[in-house]
1. Using Cα atoms only, what is the angle between the long axis of helix 14-46 and the major principal axis of the chain, expressed in degrees (0 to 90) to the nearest 10?
2. For region 396-449 and region 338-370, what is the centre-to-centre distance using only Cα atoms, to the nearest Å?
3. Taking θ as phi - 60°, what are the ³J(HN,Hα) couplings along region 421-432 by the Karplus curve (6.51, -1.76, 1.60), each to the nearest whole Hz, with x for Gly and Pro?
4. Quick one: what does P(r) look like for region 290-380 with 10 Å bins over all Cα pairs, in whole %?
5. Are there any trypsin sites (Lys or Arg not before Pro) in region 1-88 that are in a DSSP loop and have at most 16 other Cβ atoms within 10 Å? List them by number.
6. Tell me, what HN-Hα J-couplings in whole Hz come from the Karplus equation 6.51 cos²θ - 1.76 cosθ + 1.60 at θ = phi - 60° for each residue of region 281-292, using x for Gly and Pro?
7. Can you give the net charge of the other residues whose Cβ lies under 15 Å from the Cβ of residue 36, counting K and R as +1 and D and E as -1?
8. Please compute the net charge surrounding residue 323, taking Lys and Arg as +1 and Asp and Glu as -1 over other residues with Cβ under 15 Å from its Cβ.
Amino acid sequence: MNKTHSIDMINGPLLKNIILFAVPLMFTNFLQILFNAADTIVVGKFAGETALAAVGATGSIVFLITSLFNGLSTGSNVVIARYIGLKKDDLTSKAVHTSIVMALGGGILLTVIGVVFAKTFLLAMSTPDDIVDLSNLYMQIYFCGSLFLLVYDFGAAVLRSKGDTQRPLYYLFAGGILNVVLNLIFVIVFQMSVAGVAIATVVSQAVSAGLVMMTLLREEDATRIDIHQLKLDNTIAWDILKIGFPAGIQGVVFSLSNVVIQSNINSFDSSTIVAANSAAANIENFTYIGTMAFTQATITFTSQNIGAGKKEAVLKIMLVTLALTVSSSFLIGVLVYGFGDTFLGFYTNEAIVRGYGMIRLKYVVLWLFLNGILDVFVYSMRGMGISTLPTVLMIIGICGVRLVWLYFAFPYYHTLESIYICFPISWLFTSVIQFVLWLWVYKKNIKMI
């Protein structure tokens, strides 16, 4: 194993190793969100409110379509980390090659779905007439880069499985800087509006994907890719699917609930409110950087330790990452809300847009630590190889609560506040049931390992 970039997840001080693993991921998440926000900021500042709303209206649909494949990359991470813990180089290599084949196939499928059905999705969400064509153009160009997006995601998952979170950060940074530069050139110089930021995104994803692939082609351990060995191992693919498919379905169903939420926001028939929601949602994403990093540590450390037979580490990993997740998401949430109006000012000069945006920050951002709690429980169970049951309860707890709330409460209290309050309510309810499930899974599966 390459000691320069890898972290020993099985031996040594747990807290130190988790932090060493998570800090580059936090920067990666921060940069990824920042560069994605660059699209919104540039069009909002230099192409106007309509273009801002057009890009923002695509967010929930893009997440919906890509969620399934993001879940599969999580499955790859778990399976590869398990084989690394077992010290089975032959299985590790097969899992790596299978993962990349899945990325290539998924990228082609995503491109077709995104390009062909973009406008259908937008119309189904009651996207305002004045932005639907611009939103459609953005989505069609964006999904032309699906292959690059998945190759980077799966390639980064391979590197993370052995504790290498640094190089994916460097490659994302390189692509992201290019994205920002191209955004400014295409939108300001060439006046390309939403098409410009979409093209910039595709080019930057291609660069990041290319760098990850170049790295994997040159590795000196079992994660090295040999083009001639790129084939699907059916047994390993099934193992990846068992973990990743439920995670992906969870993302899809979450996205459907977010699409419903976006549709309810669209029901105000105001591009101003849509723009405000878009800007606030972008800012909100920054609050997730700690949660995403530490929950990724939860699943990867758990997978490797179970592969190595160190069952006693599972509880310790969960408790450490839970503490780090809650503290980081709460502190960042308070900071984001405290400077919310200033941050919203990066997206728009309109005071009314910032005012609507602050409503979302108040009811969502300050309570994101609840989401972090339930994510740690879920990712810990997936690291133990249990994915379907946590997914079912997550769907019931998050999506069920939100949809019931929007169906019964929102028609009587037709305000933005009544939409956004369903977020913390669903997180709190689901955290409780996931904790109960985690206790059951832990007691049952640790005895079986």
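Nothing in this text is a laboratory measurement; each read-out follows from the coordinates by a stated rule. Keep in mind that this is a model prediction, so the values were computed, not measured. Positions of Cβ are backbone-derived with ideal geometry, glycine not excepted, and every protein chain shown enters the neighbour counts.
1. Roughly 20 degrees, rounded to the nearest 10.
2. 24 Å
3. Those phi angles translate into 5, 5, 5, x, 4, 5, 5, 5, 4, 6, 4, 5 Hz.
4. Spelled out per bin, shortest first, that is 17, 36, 23, 15, 7, 1.
5. Details: sites: 3, 16, 45, 82, 87, 88; in loops: 3, 87, 88.
Qualifying residues, ordered by number: 3, 87, 88.
6. Values, residue by residue: 5, 5, 5, 4, 4, 5, 5, 7, 4, x, 4, 5 Hz.
7. Working: positive: none; negative: 39, 153, 284.
Around residue 36, the charge tally is -3.
8. Numbers: positive: 16, 316; negative: 375.
Summing Lys and Arg as +1 and Asp and Glu as -1 gives +1.
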